[in-house]
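**Q** Take a look at this one; I'll ask things after.
The values are calculated or read from the model by the stated rules, or taken from the named source; none is laboratory data. These numbers come from a predicted model, not from an experiment. Note that each Cβ is placed from the backbone with ideal geometry, even for glycine, and that neighbours are counted across all protein chains shown.
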Amino acid sequence: MPLMLSPGPANLVTFALTARFGFSQIVFFLLGISFVYILVALVLGVITNQVTGQSSIIAVILMLLGGLYVIYLGIQLVRRKSHKITTRAPSFSNGVLLQLLNPKYPPVVLSVFSHSQNQHALLTAGIISIVGTMGLVLYAAAGTLIHRRVNSDQWFRRLDVVFGTMLFLVGLWLLVEALSGHMPNNAT
């Protein structure tokens, strides 16, 4: 749950777009992202269950790589300089494209599946999709609260630092989880 609710590209874009356009203008965009949540979670779930069933060390490696990648994304967000916002509301296809190209989502899904090796892939994919969509709605609600109030580069810069720090901390959490109780005794 912390991974899916952490500030990744889809959540941050949802927040920014809702702050700019309001919730009703980005509903189809959110549906596009949610569609890809389901699709990618199912595909990666089946693949991950097959791969991690072969060797327990693979799950730990996936968790480590996912954690390092989320840390990288957090650092990149804190360092980001440009805060350009589009002038028209995004569409369903924009949501699909954003989520297909979302660099955080596949490692997050792989990390979740590596944590839940004993669960059915369909159940885990469903939970990932539901929690991910809930995260989008939460970020959209937060964006709605500030809609028409703030639209400055300085404000977006502060958000980048806060959200980048949150991503960094989530990545560290993944690393700690991978290196603590989840490291197998006999790696095959």
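**Q** Quick one: would you say Ala121 is in contact with a Leu (Cβ under 6 Å, 6 or more places away or on another chain), over 27 Å from Val78 (Cα atoms) and at pLDDT 70 or above?
**A** no
**Q** In addition: Mind telling me which of the residues Leu174, Leu136, Leu159 ends up being in a helix (DSSP H, G or I), at pLDDT below 75 and under 24 Å from Val27 (Cα atoms)?
**A** Testing whether each residue is in a helix (DSSP H, G or I), at pLDDT below 75 and under 24 Å from Val27 (Cα atoms) leaves just Leu159.
**Q** Going by what's in this entry, would Pro103 be described as within 12 Å of the chain's Cα centre (by Cα), at pLDDT below 80 and either surrounded by 15 or more Cβ atoms within 10 Å (Cβ to Cβ) or among the hydrophobic types (A, V, I, L, M, F, W, C) (or both)? Break it down stepwise before answering.
**A** Values: within 12 Å of the chain's Cα centre (by Cα): yes; at pLDDT below 80: yes; either surrounded by 15 or more Cβ atoms within 10 Å (Cβ to Cβ) or among the hydrophobic types (A, V, I, L, M, F, W, C) (or both): no.
Against the criterion (within 12 Å of the chain's Cα centre (by Cα), at pLDDT below 80 and either surrounded by 15 or more Cβ atoms within 10 Å (Cβ to Cβ) or among the hydrophobic types (A, V, I, L, M, F, W, C) (or both)), Pro103 does not qualify.
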